Amino acid sequence: MRETLAALADLTRIHFFFVWPLVFCSGLALASLTYEGLSWELAGRAALIGLFGFEAGLVLNDYVDREHDRRDVDGSLTRYWRPFASRPIPAGRIAPRTALAVFLVLAGIAAALAATLPAPHNLYVLGIMGYSYAAEYFYQIKKRDQTLPLAQVIGRTDFALFPVAGYLVLGSPDATALLYFLFFYPWTLAHLGANDIADIENDRARGMATIPSLTFGLTGSAPENPTPVLYGMRGAALWVLGFSAAHAVMAVVFALVLGPVAAAGFAVALLLIAAANALILRGKSADAAMRALPLMHASLLVEAAAIIAAALL
């Protein structure tokens, strides 16, 4: 039983569990500025939708990529993301059929909770859930064979829509929901770039076309056995910097709407993101990106908390 629980903890990245409800409920809190009906009961329901829905997506990620994950050669990122430092499906600790069942159970719980929301909010949330799982599947499959970063650009819309779904628990599709998406989407792409740099050795071993992992596309000549790399380390570092800058611009716009509390929180988050970029630009290595990732994740927590504080204080 202990081994099974440890494997499930790795499958769901359980030590990050508190992040997903916080991010999801930041959208709900934002909606309360415009729409009436916020209650502790609704916030609790939303937190559970966010928790089970996001955890289901993490399990789906592992299930779809289960064969390629067997090729991993570097465990650094695995140790960061998973409390017991293993990928349980390729390690044989969880059978693929069991992982699929876990995904269906988690997604089913989230969908059942979302279905209890009044119409049309239930349809909004369920629609984003369905789209997000499809986008996650597309990301996992497309990154195996691409020359343009379509997997990344399209796939990360799922995470960018996550707090928007929280907004739609109470609110309706409007300019504020769109602004949150435009604010968060560049962060998801910057974070993805940092994560890909940290996982470069594994992505090379898997043959994945991730952001740092078609350097010959930049040099104009392909080697005999090209490693599937989109932009190389320098290009990936610039990718992170560029989307971080876009996020900073949208943070200023968002802060003007939300006020000084959010502005203060965003300022702290942008300092963390700037520090992460400095590490990546200086090191241009997997180790540098590993040191930057906690700063990126801390910035996410600070921004979500700032939005909630700005909405409720």
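Taking the numbered list (1) crowded, with 16+ Cβ neighbours inside 10 Å; (2) among the acidic types (Asp, Glu); (3) over 30 Å from residue 36 (Cβ atoms) in turn, residue 145 passes all entries but (1). The one condition from (1) part of a helix (DSSP H, G or I); (2) modelled with pLDDT of 95 or more; (3) open to solvent by less than 40 Å² (accessible area, probe 1.4 Å); (4) not hydroxyl-bearing (Ser, Thr, Tyr) that residue 130 does not meet is (3). Taking every residue in segment 43-63 that is among the charged types (D, E, K, R) and open to solvent by 20 Å² or more (accessible area, probe 1.4 Å) and pairing it with any residue that is in a helix (DSSP H, G or I) and at pLDDT 95 or above, at least 6 positions away or on another chain, the pairs with Cβ-Cβ distances below 7 Å are 45/113.
Yes/no per residue for (1) touching a strand residue (DSSP E or B) at 6+ places or on another chain (Cβ under 7 Å); (2) open to solvent by less than 10 Å² (accessible area, probe 1.4 Å); (3) more than 15 Å from residue 249 (Cβ to Cβ); (4) of a type in the set (Val, Ile, Thr):
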position: 170; (1), (2), (3), (4): no, no, yes, no
position: 187; (1), (2), (3), (4): no, yes, no, no
position: 190; (1), (2), (3), (4): no, yes, no, no
position: 193; (1), (2), (3), (4): no, yes, yes, no
position: 199; (1), (2), (3), (4): no, no, yes, no
position: 202; (1), (2), (3), (4): no, yes, yes, no
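The numbered conditions (1) charged (D, E, K, R); (2) touching a Lys or Arg at 6+ places or on another chain (Cβ under 9 Å); (3) assigned to a loop (DSSP other than H, G, I, E, B) are all true for residue 74 except (2).
Could you check how many residues of segment 254-270 are farther than 22 Å from residue 235 by Cα, open to solvent by 30 Å² or more (accessible area, probe 1.4 Å) and under 22 Å from the mean Cα position of the chain (by Cα)? Final tally of qualifying residues: 2. Candidates in segment 48-78 are the residues that are among the β-branched types (Val, Ile, Thr) and more than 24 Å from residue 114 (Cα to Cα); of these, the one that is modelled with the lowest pLDDT is 73. Contact annotation: residue pairs with Cβ atoms under 7 Å, 6 or more positions apart or on different chains, pairing a residue in segment 269-291 that is more than 18 Å from residue 301 (Cβ to Cβ) with a partner that is among the aromatic types (Phe, Trp, Tyr) and not in a loop (DSSP other than H, G, I, E, B), are 290/80. Would a scan of segment 3-26 turn up a residue that is open to solvent by 40 Å² or more (accessible area, probe 1.4 Å) and in a loop (DSSP other than H, G, I, E, B)? Yes.
On inspection, residue 151 passes the criterion of being open to solvent by less than 20 Å² (accessible area, probe 1.4 Å), hydrophobic (A, V, I, L, M, F, W, C) and in a helix (DSSP H, G or I).
Pairs meeting the criteria (first residue in segment 157-172 and over 13 Å from residue 135 (Cβ atoms), second residue outside any helix (DSSP H, G or I) and of a type in the set (Ser, Thr, Tyr), beta carbons under 7 Å, at least 6 apart or on different chains) are 170/32; 170/35; 171/34; 171/35.
Considering each residue of segment 276-301, count those that are in contact with a helix residue (DSSP H, G or I) (Cβ under 6 Å, 6 or more places away or on another chain) and open to solvent by 40 Å² or more (accessible area, probe 1.4 Å), and give that number. The total comes to 4.
Scanning segment 154-168 for residues that are open to solvent by 30 Å² or more (accessible area, probe 1.4 Å) and aliphatic (A, V, I, L, M) yields 154, 161.
The values are calculated or read from the model by the stated rules, or taken from the named source; none is laboratory data. From a predicted model like this one, the values you see are computed outputs, not experimental measurements. Glycine gets a Cβ as well: all are built from the backbone with ideal geometry, and neighbour counts include every protein chain shown. Just so you know, the surface numbers come from the protein's heavy atoms only, side chains and all, with ligands and any DNA or RNA stripped out. Shrake-Rupley method; radii C 1.70, N 1.55, O 1.52, S 1.80 Å.
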